[in-house]
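One structure is given here, and the rest of the page talks about it.
What follows is calculated from the coordinates using simple rules that are stated; it is not laboratory data. All figures in this text were calculated on a predicted structure; none of them were measured in a lab. Quick reminder, even Gly has a Cβ in these numbers, built from the backbone with ideal geometry, and neighbours come from all protein chains shown.
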Amino acid sequence: MEDTKKELYEELIIAGFGGQGIMLIGKLLAQTAMNCGMEVTYMPSYGAEVRGGTANCMLVIAENEIACPVVGNPDSLIIMNKVSLTKYAPMLKKGGLLILNSSLIDIEPEVDDSIEVIRLPADDLAVELGSIKAANMVALGAYLQVRGFLDIESAINALPEILAQRYHKTLKLNNDALKRGASFISQKACI
């Protein structure tokens, strides 16, 4: 019997505004994938204002070499604010994945019916854990759970590698947030 397993080639854009930790979760995802033996490209982009301005990063994660780091039609989007939804949702491939922060996005995304849309109250879940700053990790945990090619434990193990030493005091909060995002997806699947 022929193996019909599709080779992993995931193009992702993570977007929001400066201060939401967009670059941090992009770096964490890239490091996690590299630690698991995958090929990765990571391209950050900051708005002129940085904090409060636009922030996004493009990642390509693959089993084999990556020819181009630029993402024009992503397989997946993690969108943390309304402006980013308007900008990036039209680029999403048919059959793609859209995770949106429903704590800040109260509009319906204008996407093809084939898109899997997950409304994740990332800010609200982060506040329940003790800090709104963990919303980015909640979103990444949800993404990892849905996609399934990397696990939460691998991300937790990679976090100290990319987090500056002075922020290691936040490791428990960030780990809990990754797990909370994943459990939100698991609970949703059981309903």
### Query
Inside region 103-120, can you point out the residues that are free of Cβ contacts under 8 Å to residues at least 60 places away in the same chain and either within 14 Å of the chain's Cα centre (by Cα) or in a strand (DSSP E or B) (or both)?
116, 117, 119
### Query
When both residues are 6+ apart or on different chains and their Cβ atoms are under 7 Å apart, which pairs have a first residue that lies in region 16-37 and is of a type in the set (Asp, Glu), and a second that is crowded, with 22+ Cβ neighbours inside 10 Å?
none
#### Entry: Residue list for region 9-30, restricted to those being closer than 21 Å to residue 68 by Cβ and over 13 Å from the mean Cα position of the chain (by Cα)
9
### Message
Need pairs with beta-carbon distance below 7 Å; first residue closer than 10 Å to residue 79 by Cβ and without any contact (Cβ under 8 Å) to a residue 12 or more places away in the chain and within region 91-102, second among the hydrophobic types (A, V, I, L, M, F, W, C) and part of a strand (DSSP E or B); sequence gap 6+ or separate chains.
### Response
none
### Task
Identify the single condition in (1) touching a helix residue (DSSP H, G or I) at 6+ places or on another chain (Cβ under 7 Å); (2) loosely packed, with under 14 Cβ neighbours inside 10 Å that residue 108 does not satisfy, given that it satisfies every other one.
(1)
### Message
Going through 161, 128 one at a time, which residue ends up being in contact (Cβ under 8 Å) with a residue 60 or more places away in the chain and more than 17 Å from the chain's Cα centre (by Cα)?
### Response
161
### Query
Mind checking which residues of region 72-88 are within 26 Å of residue 62 (Cα to Cα) and either in a loop (DSSP other than H, G, I, E, B) or without any contact (Cβ under 8 Å) to a residue 24 or more places away in the chain (or both)?
72, 73, 74, 75, 80
### Task
Return the total of residues in region 22-39 being within 29 Å of residue 132 (Cβ to Cβ) and touching an Asp or Glu at 6+ places or on another chain (Cβ under 7 Å).
1
